[in-house]
1. Magnitude of the Cβ-charge dipole of the chain, K/R +1 and D/E -1, about the Cα centre, nearest 20 debye?
2. Along the charge dipole of segment 80-136, pointing to its positive end and built from +1/-1 on Cβ of Lys, Arg, Asp and Glu, which listed residue (LEU116, CYS131, ALA92) has its Cα farthest out?
3. I want the local charge near ARG50. Using Cβ-Cβ distances under 11 Å, sum +1 for each Lys or Arg and -1 for each Asp or Glu among the other residues.
4. How far is the Cα center of segment 121-142 from the Cα center of segment 58-96, in Å?
5. Report the local net charge at ARG63: Lys and Arg +1, Asp and Glu -1, summed over other residues whose C-beta lies under 11 Å from its C-beta.
6. So how far apart, in nm, are the two label points at LEU23 and LEU81 if each is 7 Å from Cα heading toward Cβ?
7. List the trypsin sites (Lys or Arg not before Pro) within segment 109-147 that fall in a DSSP loop (any state other than H, G, I, E or B) and whose Cβ has at most 16 other Cβ atoms within 10 Å.
8. Which net charge results for the neighbourhood of ASP36, defined as the other residues with beta-carbon distances under 11 angstrom from its beta-carbon, given Lys and Arg at +1 and Asp and Glu at -1?
Amino acid sequence: MPASAHGMRVPGDMIAVPFGPELRFVVVGSPAYLRDHPAPAKPTDLMAHRCIRARWPSGALYRWEFAKRGRALTIDAPGSLTLDEPTLMRDAALADAGLAYMWEARVRGDLARGHLVCVLDDWMPSSPGFCLYHPDRRNVPAALRAFIDMLR
């Protein structure tokens with residue numbers, strides 16, 4: 001059965017079909033929050049901030065991912081507010097609750113209007129986006145082939 005995943009390693013016996021744009025992440029906060037808390041210059045500065053944490057459906061907390069000049073870093077962002085829905089995370093950042101790690105596309109309008117501000121921009125990784133992956137078979141079922149063609 002085909003599945004769709006973001007940022008997952010695909011086993012060697014699977015075929016990955018990328019679709020959609022590259023995904024970029026940002027750390028954002030409201031101008032009011034950043035007036036009261038100096039913007040972090042490097043990811044470790046987040047330890048002095050209120051961060052809006054994300055919880056995966058599995059219950060695990062998301063560790064914020066950063067990369068710069070080939071150096072990768074993950075941070076267990078501190079914060080007492082943990083949410084499992086991106087819209088709520090965005091709303092919390094807009095309400096001055098702290099910094100949030102979000103897909104840029106989700107907050108692009110807020111950034112353009114000045115309602116949110118990006119920090120740590122030079123540390124933010126991008127991802128190749130979503131992939132559909134399916135078992136490596138010589139004869140891909142017609143319905144799956146049509147779906148793959150539609151995605152591309």
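The values are calculated or read from the model by the stated rules, or taken from the named source; none is laboratory data. Every value quoted in this text rests on a predicted model; they were computed, and no experiment measured them. A quick note on method: Cβ atoms are made from the backbone with ideal geometry, for glycine too, and the neighbour counts reach across all protein chains shown. Just the protein is used for accessible areas: all its heavy atoms, side chains included, with ligands, DNA and RNA removed. Shrake-Rupley method; radii C 1.70, N 1.55, O 1.52, S 1.80 Å.
1. Values: 19 positive and 16 negative charges, 66 e Å.
Computed about the Cα centre, the dipole is about 320 debye.
2. Of the candidates, LEU116 comes out farthest on the positive side.
3. Details: positive: ARG53; negative: ASP36, ASP96.
Its environment carries a net charge of -1.
4. So the two Cα centres are separated by 23 Å.
5. Numbers: positive: ARG53; negative: GLU65, ASP76.
Result for the neighbourhood of ARG63: -1.
6. My value for the distance between the label points is 2.2 nm.
7. Numbers: sites: ARG113, ARG137, ARG138, ARG145; in loops: ARG113, ARG137, ARG138.
Sparse-neighbourhood loop trypsin sites (Lys or Arg not before Pro): ARG113, ARG137, ARG138.
8. Details: positive: ARG35, ARG50; negative: ASP96.
With Lys, Arg at +1 and Asp, Glu at -1, the neighbours total +1.
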